[in-house]
Amino acid sequence: MNTRCLMIVLILVPSSLSANTRSTERQVVSYAKGLNVAKLDSTLSSQRLDEWLRLGPAHLEKVTWEISCDLKDPQTPNSDPTMCVKVRIFRGNVAGWIIITVGTFRAGIRGEPHLDHIFVAFGNGGRAPDSSNLSDLPRLLDAASSTGGR
């Protein structure tokens, strides 16, 4: 009987850990979507980030969100790894991403969020200059679109 109980517990624990991880990612992404763009770039008027990306001057066709710090330096042993949200952006033949730091994995969402990096590329592998200012995104997208991938 004890063996059966132990096996049931061992089967259920991984699925509950996975559910907690998904819930955390959902919470972090929801937090990032609701960020005020004026907090990320003081030159912008107050608006939710997800709305600014779709309905504001960027006019993105598709936006996806995930926890990822792709471009961050590797963490030192025993450090509290940085938690970032990677926003993948798409408009026509232009795609790219935005990396926003929102906290750390041990402390959670904490401190002032900040935009680390914007990367924009177009069709044939060309790319616009990188930026760390959200207000540059519409200009970078327009410049990449106007080249037509040339």
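The values are calculated or read from the model by the stated rules, or taken from the named source; none is laboratory data. What you are looking at is a predicted structure, and each value in this text was computed from that prediction instead of being measured. Using ideal geometry, Cβ is built from the backbone for each residue, glycine included, and neighbour counts are taken over all protein chains shown. Surface areas here come from the heavy atoms of the whole protein model, side chains and all, with no ligands, DNA or RNA. Shrake-Rupley method; radii C 1.70, N 1.55, O 1.52, S 1.80 Å.
Here are the numbers:
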{"quantity": "Any hit, segment 122-133, residues being touching a Phe, Trp or Tyr at 6+ places or on another chain (Cβ under 9 Å) and open to solvent by 50 Å² or more (accessible area, probe 1.4 Å)", "calculated": "yes"}
{"quantity": "Hits in segment 105-122 (condition: of a type outside the set (Phe, Trp, Tyr), touching a strand residue (DSSP E or B) at 6+ places or on another chain (Cβ under 8 Å) and touching a residue at least 24 places away in the same chain (Cβ under 8 Å))", "calculated": "Gly108, Ile109, Pro113, His114, Leu115, Asp116, His117, Val120, Ala121"}
{"quantity": "Subset of segment 20-72 [open to solvent by 30 Å² or more (accessible area, probe 1.4 Å), modelled with pLDDT of 95 or more and among the β-branched types (Val, Ile, Thr)]", "calculated": "Thr43, Val63, Thr64"}
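For every residue, the table says whether it meets (1) in a strand (DSSP E or B); (2) of a type in the set (Phe, Trp, Tyr); (3) in contact with an Asp or Glu (Cβ under 6 Å, 6 or more places away or on another chain); (4) open to solvent by 20 Å² or more (accessible area, probe 1.4 Å).
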| residue | (1), (2), (3), (4) |
| --- | --- |
| Met83 | yes, no, no, no |
| Phe90 | yes, yes, yes, yes |
| Gly111 | yes, no, no, yes |
| Val120 | yes, no, no, no |
| Leu141 | no, no, no, no |
| Ser145 | no, no, no, yes |
